[in-house]
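Visitor: Next up is a structure, given as structure tokens.
Since every read-out is calculated from the coordinates, none of them should be taken as a lab result. Owing to the predicted nature of the structure, the values given are computational and were not obtained by experimental measurement. Heads up, the Cβs are rebuilt from the backbone with ideal geometry, glycines too, and the neighbour counts pull from every protein chain shown.
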Amino acid sequence: MRDSELIIGHVVAVSGAKLTGTLANFGRPAEDHDYGQDAQIGSLVKISTDRSLAFGLISSLRIPRPSSPPNPTDACMVDIDLFGEAMFDVDDGTLRFERGVSVYPGLGEPIRATTSQDLAQIYARPLAANVAIGTLHQDRTLPAYLATDHLLAKHFAVLGTTGCGKSCAVALMLRSILEEYGHGHVLLIDPHAEYAQAFGDMAHVLAPESVHLPYWLLNYEETVAVLCSSDASHDSEAAILKEAVLAAKREYLGDAADETVTVDTPIPYRLSTLIQFVKDAMGKLDRPESAIPYFRLLSTVESLRRDERYAFMFGGLSARDTMAEVLSELLRLPTNGRPITVFSLAGVPSEIVDVLVSLLCRIVFDFALWSDRERAAPMLLVCEEAHRYIPRDTTMGFEPTRIAISRIAKEGRKYGVSLGLVSQRPAELAENIVSQCNTLFAMRLSNEKDQEFVRGAIPESAAGLLSSLPALRTQEAVVVGEGASFPMRIRFADLPEAQRPLSASASFSAAWGGQEAVGDLLARTIARWRRHGR
């Protein structure tokens, strides 16, 4: 049996929150010691101080001057990053665990392996609202908890390469939270139609064929992105469109229109009114060549009205104020037993995807901004494939989308809006936005740039855990930040097959090795292609 107070080494250097130690027992027969199982990258160790126990994570192991082959006389060194301490509580005689270190170990102090009892105390169930999402890597009998309010109120990010279990981890966390707190308000942007089955009856699933987001909800920048050309006549078309939209909104309001109405005010207007305004303005021109921007704008509007792929936004002959119904459906107000909206972008034309994401993100924030603060319903926006919307390269992506997500990241906490970012390309994410995510779930990352990005986003005290990123197994993650009591390496709990997102890779061997079943596959695929193709 392992000695609960096993000494694995001694402190030989102290530099701030970093310790260096010599490893004991190096070179002795394996049956005489088991320090090798406790002195590993990411292992948790403890060192006594005058008034406390300091806890740290092993970040590196090395033999400075190895023999060839190494022998028992070689010195073996260990580097440790301190992350917390257990102070002795004089009132009740217990140890109180806290982040940070106030009393540092002295030179020569023994470095001890932690026990299951230590782990149970350090990673005990938080007193505040919490959910269990899996088990600790060091001891699979101990549950891993998240502090719900800290996780959501201060944003989070789930980062990991394709195939590491990222989508299942997101589904598991959201299910765990919503099963515990059934009146949530979650909007999940799902680029690949993966999550519909993951939440079962808990989810309200929306897709282009089942939703109507009226064009008049778009702000000016979004409207310009949809209706104006991207060539030399762009600025001219945008100026014409601005006047036309404002005139159409004022006509819709009639006598109720006042100076507070702007081109960005979410007020219905009729496309027929906009078209007539453009035609009237074009008729007043002196030179025919000046009419080119007007013709192009009219052509685009008419084209979108006829295109079935855009029916979810430009369909319908009349304009009516459906803003309350749209917000109710998107934001689950009321929840009606379905606290999460999964918005699938799979059938959305590529030309308008960025505009639609911008609209959804902006709606979440603006609703919270203008809500009565005392009665506001906290909301969570989850962005899958976040690198598509907030790329590190500012010349890429859609600027209004970046602005909308950035506002949530920087100001959302004040208004009860939480942000969850999910990406398999961390290095391509806008660093200033990710830095606002105070809980980070780092799953397997094999790309060096992605690893460097994650290292720069987390505190140095978790460096020992990050060393394991390339070797993490599927379903494993390093969790650091406000949502976790202390940095931890966990294994997410298993999800039943029926609750897993549709993100698994195709089984070529099963499909190619079994009986071929084409049936009406061709006819159905072609029909969908022609109906939604882009």
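Visitor: Give the order of CYS361, CYS228 when sorted by the count of other beta carbons within 10 angstrom, beginning with the fewest.
Guide: Values: CYS361 27, CYS228 21.
The order, fewest Cβ neighbours first, is CYS228, CYS361.
Visitor: Residue-wise, which Karplus ³J(HN,Hα) couplings in Hz belong to region 477-494, taking 6.51 cos²θ - 1.76 cosθ + 1.60, θ = phi - 60°, and x for glycine or proline?
Guide: So the J values, rounded to whole Hz, are 8, 9, 10, 9, x, 5, x, 10, 4, 9, x, 8, 9, 10, 10, 5, 5, 6.
Visitor: So what J values fall out for region 440-454 if you push phi through Karplus, 6.51 cos²θ - 1.76 cosθ + 1.60 with θ = phi - 60°, rounded to Hz, Gly and Pro as x?
Guide: Per-residue couplings from phi come out as 10, 10, 9, 9, 4, 9, 9, 7, 4, 5, 5, 4, 5, 4, 5 Hz.
Visitor: I would also like to ask the following. Averaged over all directions, how much area does the convex hull of the C-alpha atoms of region 343-453 cover when projected, in nm²? Kindly include the intermediate steps, with their values, before the conclusion.
Guide: Details: hull surface 30.2 nm².
If I average the Cα hull's projected area over directions, I get 7.5 nm².
Visitor: Could you work out [θ]222 nm for the chain from helices alone, using -39500 (n - 2.57) per DSSP H run of at least four and dividing by all its residues? Round to the nearest 500 deg cm²/dmol.
Guide: Numbers: 17 runs with 175 residues, N = 534.
One gets -9500 deg cm²/dmol as the mean residue ellipticity at 222 nm.
Visitor: Okay, next question. Here are some pairs, LYS18/LYS46; LYS249/LYS279; LYS46/LYS166; LYS18/LYS166; which of them have Cα atoms lying more than 21 Å apart in this structure?
Guide: Working: LYS18/LYS46 13 Å; LYS249/LYS279 17 Å; LYS46/LYS166 32 Å; LYS18/LYS166 32 Å.
Long pairs (Cα-Cα over 21 Å): LYS46/LYS166; LYS18/LYS166.
Visitor: Pairwise over distinct Cα atoms, reciprocal of the mean inverse distance: report the Kirkwood radius of the chain in Å, one decimal place. Write out the running numbers ahead of the final one.
Guide: Values: mean 1/r = 0.0376 Å⁻¹.
For the chain, the Kirkwood estimate is 26.6 Å.
Visitor: Go through region 426-435 residue by residue and turn each phi into a ³J(HN,Hα) via Karplus (6.51, -1.76, 1.60, θ = phi - 60°); whole Hz please, and just put x for glycine and proline.
Guide: x, 5, 8, 7, 5, 5, 5, 7, 4, 4
Visitor: Just to confirm the number: angle between the C-alpha axis of helix 271-283 and the first principal axis of the chain, 0 to 90 degrees, nearest 10?
Guide: Its long axis makes an angle of about 60 degrees.
Visitor: For LYS242, list the aspartates and glutamates whose Cα falls under 20 Å from its own Cα; do not include residues on the same chain fewer than 8 positions away.
Guide: Straight-line reach from LYS242, under 20 Å: GLU221, GLU222, ASP231, GLU251, ASP258, GLU259, ASP264, ASP280, GLU302, GLU399.
Visitor: Report, in debye and to the nearest 20, how large the dipole of region 309-427 comes out about its Cα centre when Lys and Arg carry +1 and Asp and Glu carry -1 on their Cβ. Could you put the intermediate results ahead of the total?
Guide: Values: 15 positive and 13 negative charges, 62 e Å.
Dipole of region 309-427, to the nearest 20 debye: 300 debye.
Visitor: Still on this model: Over all alpha-carbon pairs of region 216-314, lay out the pair-distance distribution in 10 Å bins, whole %, shortest bin first.
Guide: 15, 48, 31, 5
Visitor: At most 14 other Cβ atoms within 10 Å plus a DSSP loop assignment makes a site exposed; report the longest stretch of the chain without any exposed GluC sites (Glu not before Pro). Intermediate values should be presented prior to the final figure.
Guide: Details: sites that count: GLU5, GLU259, GLU374, GLU516.
Excluding the exposed sites themselves, the longest stretch runs over 6-258.
Visitor: About the Cα centre of region 216-314, how large is the charge dipole given +1 on each Lys and Arg Cβ and -1 on each Asp and Glu Cβ? Please answer in debye to the nearest 20. Write down the numbers at each step before the final one.
Guide: Details: 11 positive and 17 negative charges, 69 e Å.
Roughly 340 debye, rounded to the nearest 20.
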